[in-house]
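Everything below concerns the one structure shown next.
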Amino acid sequence: DNVFTLMAYLNREQYGDRPLFYGNYYNAPEDGNPVETTPIYTQLNGRYEITYRNIELKYDNRFNTFFPRMYSATPDHVKQYKSWGEIKGNPIEVTDRDGSKTTIYKPTFIENLRFFFKYQLGHMYGRYFMWNFAGRQNDIQADGTILNGNWISDIPIIDNVRLGPQDQLPPRMKNDKGRNAYFLLPLILGLIGLLWQIQYDVKYFWVVMVLFFMTGIAIVIYLNQTPLQPRERDYAYAGSFYAFAIWIGMGVAAIYDLLRRKIPEKTALCLACLFSISVPTIMAQQNYDDHNRSGRYTARDIAYNYLNSCAPNAILFTVGDNDTFPLWYLQEVEGVRPDVRIVNLMLLKADWYISQMNLAVYDSAPLPIDLPEKKYRTGTRDIIYLISQLNDTIALPEALAFIDSDDPRTKIKTEDGTQLDYFMSKNFSIPVDKQKVLNNGTVKLADAELIEDEVAFTIRPNFLFKEQWMVLEIIAANNWERPIYWTASNHSGTLGLDNYLQLDGTAFRLVPIKTPSESIINTGRIDSDILYEHLMHTFRWGNINQPGVWVDNQNIQTLSIVRARNLYARLALQLLSENQQKKAVDVLDRCLELFPASAVPYDYYSLLVAEVLYRAGEPEKANKMLTEYANDCLDQLIYFYSLPQVYFEPIQQQAFLNEALLKEIVQIADAYDQPQIGTDMEKRLEQVE
């Protein structure tokens, strides 16, 4: 709504900066103090004021290089740099601030280029290019191993060299609908067209080549991507693939031009068309089954489940795009649960978004953020340091009053005069009005004796980011008025509230009842009445169990994030503890119906389902699950151990995981007096070993 925010948007400032033609390597030591650069303005009370200035770090010039490709100091990125760049480096002695000497191995320019060609150009462009014109191994995001996301041709002499022997692929990989092979035909036809255009019209060849380069390799150079991208980035280079498709079209003309010199023109035209039509025919045949999304509504329905996990007038904290966008769609387009206020934590660090939370949206009242804008505008309280000076537990409203104060005595002053926001403890408590939480339905009357006097929690990190601080502000100001939830992928994060959650579906509700959490699998207490109603009558799962509906890997991952199978297993376990065996079996049967292995492959949560089936007196169903899961693991192990060492070594952790799963299957079967399953699995495992 003003020129400065417009410029921030156009300059993509939220994505940070990266060096392009000259800059530092990832292990460059800082040289001198950071330098303030461009000012950042905020519109406040009709005036533009400088909120803060961007900071530019200065590095030891010996660690700068032309065309820097490895610049991020993030530990995970550094690990990948060393792997892709095969870095040994040159030793450089540097002096630390305390005067001590340290030797740092600066990557060589050759290693820098090796990372560029192997990762940025090869893995993050060439691989995508070959997906489109040679074939694709599967739709699982690549991890750099031979198992996922590679290009294939289905020509053994080519694929076996790159990916190892393919003759013993497990059924899961061999029959994957995401496995598409074109036998290099589109690539060959495009290369024919490229060579033909060079020969007959070199001027327009360069027009297409510039389009091909600028929408492909030039973007690779400009983006200067770090490793471990959150998703595949093939869409960024679609223009380059379109350009190559022009040469594919010219390949048809090239074949016709060659044939007409030998045979009659009409015959040549027919033969050229017949030969060329095989390319789109093969691509259509290979791609249709895994590109056909008809009947699949997973994203919409999981969002529907999130919203309907919430009590009326709730506040729902989400994280990331995949969590949030389907929720916005449902509220905006389909009018589902407009009373629920969606709060995206990735945006809650932005002052404009915090201000939006102070507005009514749909049927949702404003959030109780009782702070003037100057308290949270960009550059103010972006990070709050937590210093364990006090062991006492401090009431959250009292702690926030200290943090929110502008009094210099509530700040830490550094040597250069900078004032830092802080608090002197990491232990907090939220006061509980027992009568209020009973009256508004936060806690059922039957559970009244379980209500704590206060919700005591410890924040584990030594700091709070702005979005975390704002969550605490909302919780404190809300004072148990509105229900507060976190999505399953984001249940309270590092705020330490895990022991005060209630699993009401795919979302966790904050309740003043302590339920110690040992792991993410069993986080939260369960009210079986609420959860049974949601899982058995309210929730929808996008038709994934319907024949012909393709559940791709992204949808499988989403189901894993919300722990779909685990929801039903935990509810059944709770019902068994309440002596409601019939209802528990119904819940488990519903789980088996909704998530068949043919659509959603078995995962670790399936073991809990099988174990609860045994406890519910359904050994045949449990045996079937464990046997199918074991066979799947075994098929993969047979493939893994058929590979030569050079291919096996990078994926040996996956092999060890499958062995561990098989052993756990054996242990579960033995624990429930099913020795035959255990005996069979142990024998087959020994054969593989």
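The values are calculated or read from the model by the stated rules, or taken from the named source; none is laboratory data. In this text, all values refer to a predicted model and were calculated from it rather than measured experimentally. Cβ placement follows ideal geometry from the backbone for every residue including glycine, while neighbour counts extend to all protein chains displayed. Surface accessibility is based on the protein's heavy atoms, side chains included, excluding ligands, DNA and RNA. Shrake-Rupley method; radii C 1.70, N 1.55, O 1.52, S 1.80 Å.
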Might you report the magnitude of the Cβ-based charge dipole of the chain about its Cα centre, with Lys and Arg at +1 and Asp and Glu at -1, to the nearest 20 debye? 2060
Identify all lysines with a Cα-Cα distance to residue 82 below 16 Å; exclude those on the same chain that are fewer than 8 residues away in sequence. 106, 118
Go through 409, 136, 540, 231 and list them by solvent-accessible area, largest first, probe radius 1.4 Å. 409, 231, 540, 136
Please report, in whole Å³, the volume per residue of the convex hull around the C-alpha atoms of the chain. 221
In whole angstrom, note down how far apart the Cα centers of the stretch 504-527 and the stretch 1-30 are. 40
D_trans [Stokes-Einstein, Kirkwood Rh over alpha-carbon pairs] for the stretch 252-342, 4 °C, 1.567 mPa s, µm² s⁻¹: 74
Phi-based couplings in Hz for the stretch 515-522 (Karplus 6.51, -1.76, 1.60; Gly and Pro marked x): 10, x, 10, 8, 7, 5, 5, 10
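What net charge is computed for the residues neighbouring residue 402, neighbours being all others with C-beta under 14 Å from the C-beta of residue 402, Lys and Arg scored +1, Asp and Glu -1?
-2
Can you give the accessible area per residue of the stretch 270-377, in Å², using a 1.4 Å probe?
48
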Considering only lysines 8 or more places apart in sequence, or on different chains, count the pairs in the stretch 486-624 whose C-alpha atoms sit under 24 Å apart. 4
Of all DSSP beta bridges located in the chain, what percent are antiparallel, nearest 5? 75
Please give the FRET efficiency for residue 64 paired with residue 434, using the beta carbon to beta carbon distance and R0 = 60 Å, rounded to the nearest 0.05. 0.45
Sulfur and carbon atoms: percent of accessible area, the stretch 170-319 [1.4 Å]: 69
Find out how many positive minus negative residues lie around residue 540, taking Lys and Arg as positive, Asp and Glu as negative, among other residues whose Cβ is under 11 Å from that of residue 540. 0
Given 0.36 nm per residue, what is the gain on full extension from residue 385 to residue 414 after removing their alpha carbon distance, in nm? 9.1 nm
Tensor-based shape of the stretch 340-409 (alpha-carbon gyration tensor, a/c under 1.5 rounded, otherwise prolate or oblate): prolate
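At 1.4 Å probe size, with every protein chain present, just tell me what the per residue accessible area of the stretch 32-96 comes to in Å².
That works out to 64 Å² for each residue.
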Residue-count net charge about residue 520 - beta-carbon cut-off 13 Å; Lys, Arg +1, Asp, Glu -1: 0
Efficiency of FRET from Cβ geometry, residue 660 and residue 261, R₀ 45 Å, rounded to 0.05: 0.10
Applied in sequence order to the stretch 24-33, the curve 6.51 cos²θ - 1.76 cosθ + 1.60 (Karplus, θ = phi - 60°) yields integer Hz couplings, x standing for Gly and Pro, of 8, 7, 4, 9, 5, x, 5, 10, x, 7
For residue 59, enumerate residues with amide H under 5 Å from its amide H, sequence gap 5+ or separate chain, H modeled in the peptide plane. 31
Say R0 is 22 Å: what FRET efficiency, to the nearest 0.05, do residue 554 and residue 333 get from their beta-carbon distance? 0.55
Pull up the cross-link candidates among the aspartates and glutamates for residue 426, meaning alpha carbon to alpha carbon under 12 Å and not fewer than 8 places away within one chain. 392
